[in-house]
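Rule-based calculations on the coordinates, nothing more; no lab input. Quick caveat, the model's predicted, so the values are computed rather than measured. Cβ: placed from backbone, ideal geometry, glycine included. Neighbour counts: every protein chain shown.
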Amino acid sequence: MKDKILLFTDLDGTLLDHHTYSYRQADEALALVRKRDVSLVLCSSKTKEEIEIYRKRLSNSEPFISENGGAIYIPKQYKNVTEKCNKNDKDYFIIEIGTHYDKLIGAFEKIKRKSGVNTKGINELTLDEVVQLTELSEDEATLALKREYTLPFVVYDGGGEVRSIKEEIAISGLNYTEGAKFMYLMGENDKGKAVKILADIYRRNYPETEITTVGIGDSLNDLPMLEVVDRPFLVKKVSGNYDERIKVENLVFADGIGPVGWNKVILQLLNE
């Protein structure tokens, strides 16, 4: 039986530099990923449109996971997926897991009123404010606003305010996580659920292959992904520290921030 590595990677703060969004510091490992025919699956808090930019830049044609597991997009050449799909377009079979954006906006308005917290959803921010917060270009920030399954938000005060809004989110029946730059309101989706579904689809598309799943991230929203893969890796955040909330059995700590750490651990993994 053949062996195949299925590599699920976060983008912001992991494969991509926190400030510049460049993956150049991971070029050596990315070249080896291509040479070894590793399936590189982008698994991000970014929107579908944002991820498609990086798929094109990386010449990547694999399925991908958007908005913290809100949806899985599978190119139509894949088989054995239609029974799980609840939507499709001209390019993809789509498996929707998350709660629709309009519903999240309505729920967030109630959560804000009840908590009294000084906070704004991304839908309330101007394009200039999104550019300032994210350090994206205007074109890229416009794509970041095309949400479908998660509502990024910012809290303008300290930790006590964050606790208050988390309590109201829990009461509402919705869920909360954190990425590299935003907090997120969302439904029952997370990266781990999406990774498990997609890994199963890969196994059915490669029945004569022994698949090993690898996950690499940096933030709290990556925890569910790291919990379900065979080989979990954590890179340092831009502060130079690891996210202390991520505790996973067999977790490997990459010696480097973002793409520097990504490059080191993937080279080590593929050269074992």
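Add -39500 (n - 2.57) for each DSSP H run of 4 or more in the chain, then divide by its residues: what number comes out at 222 nm, to the nearest 500 deg cm²/dmol?
Value at 222 nm, helices only: -10500 deg cm²/dmol.
Return the percentage of antiparallel bridges among DSSP beta bridges fully within the chain, rounded to the nearest 5 %.
Percent antiparallel among DSSP bridges in the chain is about 50.
What are the aspartates and glutamates whose alpha-carbon lies under 15 Å from the alpha-carbon of LYS247, with same-chain residues fewer than 8 places away excluded?
ASP218, ASP222, GLU227, ASP230
What is the diffusion coefficient of the range 1-157 in µm²/s, taking the Kirkwood radius over Cα pairs and the Stokes-Einstein relation at 25 °C with a viscosity of 0.890 mPa s?
It comes out at roughly 142 µm²/s.
Work out the charge dipole of the range 118-272 with +1 on the Cβ of Lys and Arg and -1 on the Cβ of Asp and Glu about the Cα centre, then indicate which of VAL214, PHE182, ILE169 is farthest towards its positive end.
VAL214
Rounded to the nearest 5, what is the percent of antiparallel bridges among the DSSP beta bridges in the range 1-155?
Just about 70 percent of them are antiparallel.
May I ask for the distance between the Cα centers of the range 208-272 and the range 106-137, given as a whole number of Å?
The range 208-272 and the range 106-137 have Cα centres separated by 30 Å.
Short version: ³J(HN,Hα) in whole Hz for each residue of the range 38-52, in order, from phi by Karplus 6.51 cos²θ - 1.76 cosθ + 1.60 (θ = phi - 60°), x for Gly and Pro, what are they?
Running phi through 6.51 cos²θ - 1.76 cosθ + 1.60 with θ = phi - 60° gives 6, 7, 8, 10, 7, 10, 9, 7, 5, 6, 3, 5, 5, 5, 4 Hz.
Can you work out ³J(HN,Hα) from phi for every residue in the range 185-198, in order, using Karplus 6.51 cos²θ - 1.76 cosθ + 1.60 and θ = phi - 60°, giving whole Hz and x for Gly and Pro?
9, 7, x, 8, 6, 7, 5, x, 4, 5, 4, 4, 5, 5
Pop out the ³J(HN,Hα) list for the range 101-114 in order, Karplus 6.51 cos²θ - 1.76 cosθ + 1.60 with θ = phi - 60°, rounded to Hz; leave Gly and Pro as x.
Going residue by residue, I get 4, 4, 5, 5, 4, x, 5, 5, 4, 5, 4, 4, 4, 5 Hz, with x marking Gly and Pro.
State the percent of C-alpha pairs, over all pairs in the range 163-272, separated by a distance greater than 22 angstrom.
Roughly 41 percent, rounded to a whole number.
Based on Cβ point charges of +1 for Lys and Arg and -1 for Asp and Glu, what charge dipole magnitude is obtained for the chain about its Cα centre, in debye rounded to the nearest 20?
The calculated dipole for the chain is roughly 580 debye.
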